[in-house]
1. Quick one: ILE86 ticks every box in (1) in contact with a helix residue (DSSP H, G or I) (Cβ under 6 Å, 6 or more places away or on another chain); (2) closer than 27 Å to ALA258 by Cα; (3) among the hydrophobic types (A, V, I, L, M, F, W, C) bar one, so which box is it?
2. Scan segment 91-99 and give yes if some residue there is of a type in the set (D, E, K, R), in contact with a Lys or Arg (Cβ under 9 Å, 6 or more places away or on another chain), at pLDDT below 90 and surrounded by fewer than 24 Cβ atoms within 10 Å (Cβ to Cβ), otherwise no.
3. Of all residues in segment 129-142, which are modelled with pLDDT of 95 or more and in contact with an Asp or Glu (Cβ under 8 Å, 6 or more places away or on another chain)?
4. Filter segment 203-232 down to the residues that are open to solvent by 20 Å² or more (accessible area, probe 1.4 Å) and either over 21 Å from TYR192 (Cα atoms) or at pLDDT below 90 (or both) and list them by number.
5. If I go through segment 141-178 residue by residue, how many of them are touching a helix residue (DSSP H, G or I) at 6+ places or on another chain (Cβ under 6 Å) and open to solvent by 80 Å² or more (accessible area, probe 1.4 Å)?
6. Would you check if ILE73 is open to solvent by less than 70 Å² (accessible area, probe 1.4 Å), in contact with a helix residue (DSSP H, G or I) (Cβ under 6 Å, 6 or more places away or on another chain) and over 23 Å from ASP311 (Cα atoms)?
7. Considering only residues that are modelled with pLDDT of 85 or more and of a type in the set (D, E, K, R), look in segment 34-55 and name the one that is surrounded by the fewest Cβ atoms within 10 Å (Cβ to Cβ).
8. Within segment 106-128, track down each residue that is of a type outside the set (A, V, I, L, M), surrounded by 14 or more Cβ atoms within 10 Å (Cβ to Cβ) and either touching an Asp or Glu at 6+ places or on another chain (Cβ under 7 Å) or at negative phi (or both).
Amino acid sequence: MGLFSFLKEKFLHKEKKADTILTYDKGLNKAKKAFTDKINKLTPDDSIPNNYFERLEEILIEADVGINLTTNIINNLAKTIKEEKIRSLSAANEALVSEMFKDYMKEENIVNDISFNETPTVLLVVGVNGVGKTTSIAKLANRYLKMNKKVMLAAADTFRAGAIEQLKAWGERLKIEVITGAVNSDPASVAYVAAKKAKEQNVDLLIVDTAGRLQTKVNLMNELSKIARVIKKEIPNAPHETFLILDATTGQNGVIQAKAFNEATKITGAVITKMDGTSKGGILLAIRHDLNIPVRFIGLGETLDDLKEFDINLYLHGLCVEE
């Protein structure tokens, strides 16, 4: 039996849908092999090796958990092992995963899904080029269309012609309206027109694609602030959410991006893409620990339905539990 097998019942809720569980397990397969296999190879038996903490530190950092969180986990784990007189590696690993869970769940009752307390609800989406921002917007739109929500898109990343065309293509595929402007036009003007139309047409969710030029952070901050101001003229409490799209394969660079965007605007949640393509699954925990930004959704595959609401239980199950 694998060293993490006993965690299956602890972290896998019976009420979870089988297809969601399968998507998590499949999407995190690479990360699980890199993480769990290394843990399992620490010793041939169930004893705690003398170099357990040194090796565990290496494994966590290699998994992109980050230095700050790794140090925190190691210190708390060492204290737990000493206080509870843990002698077996399996029990130590159970305590390890519990530490990962507790650190993420600093605040109870985290709500990942968008709350439609006002119509239209406005979601700003930020992220650097290449992280899967446009595709993630399409996947989010698809999710809420299936919930019978009326969705509209706004192509306010006007300085990148490809972004406008990609969003228009997704709009045609999903059969939803996309508000656009000319290339290099004012992003805020596109957002304003979209907010006005969304209000007039009783749209449930307006998703606004914005630029992500971190090399000009001051301009980015001014641009996002202007977008927020003009939207408020039509929808006073907007934007209601601001999601940051991050590519899991970029590792710790994703934490740097998150910090920069969080300084430019208030990020209410992260959407992690391409989790199925990385062997380093700890980036989600690092972002939560270092920046206190919750992961709202996680991309676990290529299809429209592979963007899932983030579930820390299913994540830990997919990362740590051998079948």
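The values are calculated or read from the model by the stated rules, or taken from the named source; none is laboratory data. Keep in mind that this is a model prediction, so the values were computed, not measured. For neighbour counting, all protein chains shown are included, and Cβ atoms are generated from backbone atoms with ideal geometry for every residue, glycine included. These area figures cover heavy atoms from the full protein model, side chains too; ligands, DNA and RNA do not enter into them. Shrake-Rupley method; radii C 1.70, N 1.55, O 1.52, S 1.80 Å.
1. Among (1) in contact with a helix residue (DSSP H, G or I) (Cβ under 6 Å, 6 or more places away or on another chain); (2) closer than 27 Å to ALA258 by Cα; (3) among the hydrophobic types (A, V, I, L, M, F, W, C), the lone unmet condition for ILE86 is (2).
2. Yes: segment 91-99 contains one or more residues that are of a type in the set (D, E, K, R), in contact with a Lys or Arg (Cβ under 9 Å, 6 or more places away or on another chain), at pLDDT below 90 and surrounded by fewer than 24 Cβ atoms within 10 Å (Cβ to Cβ).
3. ILE137, LYS139, ASN142 - these are the residues of segment 129-142 that are modelled with pLDDT of 95 or more and in contact with an Asp or Glu (Cβ under 8 Å, 6 or more places away or on another chain).
4. The answer is ARG213, LEU214, GLN215, THR216, LYS217, VAL218, ASN219, MET221, ASN222, GLU223, SER225.
5. Number satisfying all stated conditions: 1.
6. So ILE73 does not fit the description; no.
7. GLU54
8. Hits for segment 106-128 are ASN112, PHE116, THR119, PRO120, THR121.
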